[in-house]
Amino acid sequence: MKVFNTQKELEAALDTARAEGKKIGLVPTMGALHAGHASLVKRAVAENDITVVSVFVNPTQFNDKNDLKNYPRTLDADCKLLESLGATYVFAPTVEEVYPEPDTRTFSYPPIDTVMEGPRRPGHFNGVCQIVSKLFYMVRPDHAYFGEKDFQQIAVIRAMVKDLKIPVEIRPCPIVREESGLALSSRNALLSESEKRIAVCISQALKTSVEFAKSHSVKETHDLVCGALNATNGLEVEYFEIVNGITLQPVTSWDEAEYIVGCITVYCGARPVRLIDNIKYKGGE
Ligand code: PAF
């Protein structure tokens, strides 16, 4: 496995691979890798000749400066894990390498980016589109792998790929959970042991709601999840929306769409830590 810090080195290696007709898979990450990332890398390694993993804490997608400052940076440990998983190249550029000039491009994909995370994290999806489009131009991957925990992010990236006609296939990968059900996230490292035990209630409430939804309305299902979580000491639901899995617009009945997903964001603990999760009620890929 080779680690590149510059676009020039990365592109030279990939030009050779491409000339040999090799398939290239890209796993974009911000590092602090865990088993969720490992599952994306394993799949990319299995489905491509060359797997590039980018490790870059992208400043333009953080709307909170403290969040950016506190974001865990563990490149050495990340590289060890990636080597053991069979990644071919790690791309770990500096901020100056990626953004020699401020990125003034704006991306807007309403209504997909105007719901849920969109208004609550102004500029976040714009920053995600800035970095992901740059990575797509640099790596020119055949396939790119993203975790379904960030359900809305995948929808926004798909809209951008369609808009910019970027020839890449987006391959979403299922959420990886701890045995307790807690969705894996780099932010879980910020939780104390007792907060982690409380955070488990999020996936439990979502799981329970799938059974409940079979005999109750969308509103009743929504209220069940919010009621249970808001009644738990240490948890506060920021939003729970039951949406069409393609358009991300809220549904009011289970017959309204073929694919229906519940997306939730919950504040957990004293700090508090913002956790996201989602669950499929109907359909899907
Ligand atoms: O999901 C993430 O970790 C980031 O948003 C991504 C896609 C790597 C872009 O920085």
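Of the numbered criteria (1) more than 15 Å from the ligand (Cβ to nearest atom); (2) closer than 13 Å to V156 by Cβ; (3) part of a helix (DSSP H, G or I), the one G118 fails is (1). Of everything in region 155-187, what is without any contact (Cβ under 8 Å) to a residue 24 or more places away in the chain and surrounded by 19 or more Cβ atoms within 10 Å (Cβ to Cβ)? Give them in sequence order. Scanning region 155-187 gives a single hit, L182. Once region 44-59 is narrowed to residues that are out of contact with any Phe, Trp or Tyr (no Cβ under 9 Å at 6 or more places or on another chain) and part of a helix (DSSP H, G or I), the residue that is farthest from the ligand (Cβ to nearest atom) is A46. Of the helices (runs of 4 or more DSSP H) entirely within region 123-233, those holding at least 2 residues that are more than 16 Å from the ligand (Cβ to nearest atom) and out of contact with any Lys or Arg (no Cβ under 8 Å at 6 or more places or on another chain) occupy 151-164, 193-213, 218-230.
Based on what the data block shows, is E178 charged (D, E, K, R), within 18 Å of the chain's Cα centre (by Cα) and over 21 Å from Q152 (Cα atoms)? So E178 fits the description; yes. Residues that are more than 14 Å from F146 (Cβ to Cβ) and surrounded by 23 or more Cβ atoms within 10 Å (Cβ to Cβ) were ranked within region 20-50; the one that is nearest to the chain's Cα centre (by Cα) is L33.
When D76, D67 are checked against the criterion of being acidic (D, E), within 16 Å of the ligand (Cβ to nearest atom) and in a helix (DSSP H, G or I), D67 stands alone in meeting it. Can you confirm whether R18 is within 23 Å of K165 (Cβ to Cβ), part of a helix (DSSP H, G or I), more than 12 Å from the ligand (Cβ to nearest atom) and touching a residue at least 24 places away in the same chain (Cβ under 8 Å)? So R18 fits the description; yes.
Does any residue of region 80-92 turn out to be without any contact (Cβ under 8 Å) to a residue 60 or more places away in the chain, within 14 Å of the ligand (Cβ to nearest atom), touching a strand residue (DSSP E or B) at 6+ places or on another chain (Cβ under 6 Å) and under 20 Å from R140 (Cα atoms)? There is no residue in region 80-92 that is without any contact (Cβ under 8 Å) to a residue 60 or more places away in the chain, within 14 Å of the ligand (Cβ to nearest atom), touching a strand residue (DSSP E or B) at 6+ places or on another chain (Cβ under 6 Å) and under 20 Å from R140 (Cα atoms). S108 passes every criterion in (1) assigned to a loop (DSSP other than H, G, I, E, B); (2) crowded, with 21+ Cβ neighbours inside 10 Å apart from (2).
Computed from the coordinates by the stated procedures, all read-outs in this text should not be read as laboratory data. Computed from a prediction, not measured in an experiment: that's the story for all the values here. Every residue, glycine as well, gets a Cβ built from its backbone with ideal geometry; the counts of neighbours run over all protein chains shown.
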